[in-house]
Amino acid sequence: QLEQTLRPERGMGNSPLFQVMYNHQTESVQGKREASTNIDGLDITIVNCENNTAKFDLTLDVDEHEFDFSASFNYATDLFEQSTIERLTKHWQRLLQGIVEKPSQRIAELALLDQAEQQHIIDDWNDTAVSYDTSVCIHQLFEEQAKVNPNNTALVFEDKELSYQALNQQGNQLAHKLRELGVGPDTLVGIAVERSLEMVIGLLAIIKAGGAYVPLDPDYPQARLVYMIEDSGIALLLTQSHIEKQLDIPTQVSCVLIDDFLNDNALADSKGVYSRENPVNNNSPSNLAYVIYTSGSTGKPKGVLQTHHNVNRLFQATEQWFNFTDKDVWTLFHSYAFDFSIWEIFGALLQGGKLVIVPFEVTRSSSDFYNLLCKEKVTVLNQTPSAFSQLMPISCAHFNNKNFNEAAHNAMSLRYVVFGGEALDVASLHPWFDSFGDNSPQLINMYGITETTVHVTYRPLLLSDIDKQGSPIGQVINDLTWYVLDADFNPVVKGCSGELYIGCSGLARGYHQRPELTSERFIADPFSQNGGRLYRTGDLARYQSDGTIEYVGRIDHQVKIRGFRIELGEIESQLQSHEAIRDAVVLAQEGNAGQQLVAYIIPNDNQIIEADSDAQHAFRSEMKTHLQQALPEYMV
């Protein structure tokens, strides 16, 4: 009857209605079966016939007797390894033992893991306790590079460049100005500057003055920028003359125009020209370095508070894998309001390398970006997988073009391509490996979150990874811990999925002026002996049988599209605020170019549903215009 009603799609590979069966039989059933075999005139012997074909993916047969029971697993060998079933058997026995020992305990609190497995997952697997010297602030590390490599090129933007000495001196002059205006430890200072040399000078000056910079991307809508200015509580905004005219700046916020300041050769204070010497450091590593706003489920973005210590230890903890030097050339491809930029900016400037600021229009043209990589001889490229998917065909075509000479074949100087910001489908890299192999450059997948200081894991990618399913995220960085836990904070067993939690050195201080959200997302670490914290990532991960972790997806309504972190609820909230809409839901769905945002709405006036295409098009345009007033382009 079920099959007739549901009409499931049939296939030879699986049962149409269910794939897993638990078959429990009591002794009385067995007795009836045996009784039915007593037939006069016949001698009957029951013979157990071994069946080597699994009817379902997995079956557990249990025969219950008066004082004990017997059980057996039957499984499809195409789907399960024998070791997996043996492990499943142990966990089932452990569960039964717990039920007998504590029959009144909640099922969720009964352990599946024995003590040895628990220790392996919690202690041995997280044996990453490494102490790094983070006694200095990140601007002091930059100042050391300016002292050691004063003539190295620090910044390049279009046809302009600055040496380390010049960048340090201009940053110092502006820092003295900011300090005169009251900037000190944990003072939040907004910076709304277009991609330029001045952008990096400005954020360095804020940090040197002792403050923490709040990046305000001028490409964001006015309403979003105004909210971030008001929510952050900044009293000082570093910006450019033409941007100041565009922004609706609250009266209580004072502006420093960085272009006027630098063009006037560092405006004189009451004592003369502002000093080019390093300001006396009045910060400790525990003070804030930056506050980056991320999408919020309540409809408003939230500011993540990050310290000097966290940035410093990130580069020390990853040094063993990369060995970055002052010969490396980096690109600043991403918006400085996106935390991937922290890795790009300070990856270059804390090592004495060159940072090439990519013009906005070049980020939108893969061919222009490829040419820039070749021209500047970039060695370290950081990309979201979706951005790299646009660059990859051009790079491979150039490399495989037999008409190119040898110099053209070696046009790119890349040592590393580092992926981050969104899940990576390793199989999509097949064309790259076919062209370049897997060593030059080295492709690396790094998983991370704004709240955990950019990166959490490291995974070099090889040609042999192409056929692997899912998104492998590698090994945890040395001074971090990670756990895959169920809803009751129990470690999940191998092969199972749970929420990923991150602990130890890289965790943010919390969310700016959001104590409830901070306590909800940053929780006490139940496995720590010294009062540590864990960050609830909201990411669903699978603890694989080989001990590695695979990214599976989200447990909430957050998505990542083209590297941007988006809370679908924030878009829904903006749609629902329009007077013409009664309700709305937003989903991320697969499109021709990967994931895209789709909104479903219920209008207050149902006539729009029956209207002609022109009226519906006008309605959609009105809704998009409404969203653009409050949301950045990538959310519209």
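The values are calculated or read from the model by the stated rules, or taken from the named source; none is laboratory data. What you see is a predicted model; the values in this text were computed from it and never measured. Positions of Cβ are generated from backbone atoms using ideal geometry, with glycine treated the same way; all protein chains shown enter the neighbour counts. Areas reflect the complete protein model, heavy atoms only, side chains present, ligands, DNA and RNA absent. Shrake-Rupley method; radii C 1.70, N 1.55, O 1.52, S 1.80 Å.
Structure notes:
- Evaluated at q = 0.19 Å⁻¹, the base-10 log of the normalised Debye intensity for the range 221-321, with identical point scatterers placed on the Cα atoms, takes the values -1.15.
- In the complete set of protein chains, residue-level accessible area for M392 is approximately 20 Å², probe 1.4 angstrom.
- Which of S505, S83, S131 is most accessible, then next, and so on - probe 1.4 Å: S131, S83, S505
- Ratio Rg/Rh [Cα only; Rh per Kirkwood] for the chain: 1.05
- Taking 7 Å steps out from each Cα toward its Cβ at E64 and C49 produces label points 2.8 nm apart.
- Kirkwood Rh, angstrom, the range 177-217 [1 / mean 1/r, Cα pairs]: 10.1 Å
- Rg(Cα) / (2.2 N^0.38 Å) computed for the range 463-543, rounded to two decimals: 1.23
- If only the Cβ of Lys and Arg carry +1 and only the Cβ of Asp and Glu carry -1, the dipole of the range 460-500 around its Cα centre is close to 140 debye.
- If you bin all the Cα-Cα distances of the range 88-242 at 5 Å, starting from zero, the percentages per bin are 2, 8, 12, 12, 11, 8, 6, 5, 5, 6, 7, 8, 6, 3, 1, 0.
- Helix 308-322 and the longest principal axis of the Cα set of the chain meet at an angle near 70°.
- Restricting the trypsin sites (Lys or Arg not before Pro) of the range 55-108 to loop positions (DSSP other than H, G, I, E, B) with no more than 16 neighbouring Cβ atoms within 10 Å leaves K55, R106.
- Accessible surface of T453, taken over heavy atoms with a 1.4 Å probe and every protein chain present, rounds to 0 Å².
- Links that overshoot a 24 Å alpha carbon limit, given the list K177/K354; K147/K375; K208/K375; K160/K354; K147/K327: K177/K354; K147/K375; K208/K375
- Hull volume in cubic angstrom per residue (convex hull over the Cα atoms of the range 53-128): 134 Å³
- Shape class for the range 571-623, computed from the alpha carbon gyration tensor (a ≥ b ≥ c): oblate, with a/c not under 1.5 and a/b at or below b/c.
- Between helix 164-180 and the chain there is an angle of about 80 degrees, using the helix long axis and the longest principal axis of the Cα atoms.
- Once the Kirkwood radius over Cα pairs is known for the range 537-602, the Stokes-Einstein relation at 20 °C and 1.002 mPa s delivers a diffusion coefficient of 156 µm²/s.
- Centre-to-centre separation between the Cα atoms of the range 289-348 and those of the range 99-113: 44 Å.
- Working from the Cα coordinates of the range 481-636, the gyration tensor eigenvalues give, after taking √(5λ), semi-axes of 39, 19, 13 Å in decreasing order.
- Rg and Dmax of the range 246-399, both derived from C-alpha coordinates alone, stand at 19.2, 60 Å.
- For the peptides 285-297, 603-615, residues were scored by their other Cβ atoms within 10 Å and the scores averaged per peptide; the highest-first order is 285-297, 603-615.
- Rounded to the nearest 10 degrees, the inclination of helix 82-101 to the longest alpha-carbon principal axis of the chain is 80 degrees.
- Fraction in percent of alpha-carbon pairs per bin - 5 Å, the range 427-569: 2, 9, 17, 21, 20, 15, 9, 5, 3, 1, 0
- Each Lys and Arg adds +1 at its Cβ and each Asp and Glu adds -1 at its Cβ; summed about the Cα centre, the chain shows a dipole of about 1620 debye.
- Carbon + sulfur, % of accessible area of the chain - ligands and nucleic acids excluded, 1.4 Å: 48 percent
- Surface analysis of the range 131-184 yields an accessible area of 46 Å² per residue, using protein heavy atoms and a 1.4 Å probe.
- Excluding ligands, DNA and RNA, the accessible surface per residue across the range 202-254 is 33 Å² with a 1.4 Å probe.
- Volume per residue for the range 1-144 equals 311 cubic angstrom (convex hull of Cα atoms).
- Probe 1.4 Å - accessible area at F489, Å² to nearest ten: 80 Å²
- Rounded, prolate or oblate (a/c below 1.5 giving rounded, otherwise prolate when a/b exceeds b/c) for the range 189-260 by Cα gyration tensor: oblate
- Proximal lysines relative to K102, as straight alpha-carbon distance under 19 Å, when same-chain residues fewer than 8 apart are discounted: K90
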